[in-house]
Amino acid sequence: MINSNFMEVNFKALSINEGFARICVAGFCVQLNPSIDEINDIKTAVSEAVTNCVVHAYPAQKGVISLRCEIEGDCIKIIVSDYGVGINDIARAREPFFTTKPSEERSGMGFAVMESFMDNVEVEKNDKGGTTVTMYKQVGSVLQVGNA
């Protein structure tokens, strides 16, 4: 039997909600029986994706971030979307140390961090004008409901 599940939540693009996103994803991942290292990797990648939305997507106003997690078997797919200004050059934005906000002492390592902790990271413009980051990670062993 293949384990299959999903959850979705929307929240304001406020830096305080970065911790909320981490907790949501960590709680959802428990059903995959992750190791502490795996859960910390996932939380770090989610932090980077959400922080990118907060810092870059809505420069003139606050907007909304969508977070969706899908489990298929032992793989978690995490989708973080904003509906902000988008990324002009995605390839360039994914280069280590590239930042559009050097005056704010941004390191330009967000995508590199996501890529180092996840098995695969995809970045694309979404149909609402913003950016969608999709991250994948194979995790631990699946706990079967009803088995102790």
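Here are the numbers for this structure:
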item: From Ser15, Ser66, residue being outside any helix (DSSP H, G or I), modelled with pLDDT of 80 or more, within 17 Å of the chain's Cα centre (by Cα) and crowded, with 17+ Cβ neighbours inside 10 Å; result: Ser66
item: Among (1) modelled with pLDDT under 95; (2) surrounded by 14 or more Cβ atoms within 10 Å (Cβ to Cβ); (3) of a type in the set (Asp, Glu) - the single one Asp89 does not satisfy; result: (2)
item: Matching option when the condition is over 21 Å from Ala112 (Cα atoms) and of a type in the set (Asp, Glu), among Glu48, Glu70, Glu38; result: Glu70
item: Hey, Thr44 of a type in the set (Ser, Thr, Tyr), assigned to a helix (DSSP H, G or I) and under 18 Å from Tyr83 (Cα atoms) or not; result: no
item: Matching residues, region 105-148, being aliphatic (A, V, I, L, M), under 20 Å from Asp37 (Cα atoms) and either in contact with a Cys (Cβ under 8 Å, 6 or more places away or on another chain) or modelled with pLDDT under 90 (or both); result: Ala112, Val113, Met114, Val139, Val142, Leu143
item: Cross-chain or 6+ apart pairs with Cβ under 6 Å, region 43-56 first and closer than 12 Å to Ser15 by Cβ, then surrounded by 22 or more Cβ atoms within 10 Å (Cβ to Cβ) and modelled with pLDDT under 90; result: Asn52/Gly110
item: Residues satisfying the stated conditions in region 2-35, i.e. out of contact with any Phe, Trp or Tyr (no Cβ under 8 Å at 6 or more places or on another chain), under 17 Å from Glu70 (Cβ atoms) and hydrophobic (A, V, I, L, M, F, W, C); result: Ile2, Phe6, Val9, Cys24, Val25, Ala26, Phe28, Cys29, Val30, Leu32
item: Unmet criterion (only one of (1) surrounded by 12 or more Cβ atoms within 10 Å (Cβ to Cβ); (2) modelled with pLDDT under 65) for Pro102; result: (1)
item: Test set (1) touching a helix residue (DSSP H, G or I) at 6+ places or on another chain (Cβ under 8 Å); (2) surrounded by 17 or more Cβ atoms within 10 Å (Cβ to Cβ); (3) of a type outside the set (Gly, Ala, Ser) - Cys53 fails condition number; result: (1)
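The values are calculated or read from the model by the stated rules, or taken from the named source; none is laboratory data. Worth saying up front: this structure is predicted, and the values here are computed from it rather than measured. When we count neighbours, we look across all protein chains shown, and the Cβ atoms used for this are built from the backbone with ideal geometry, even at glycine.
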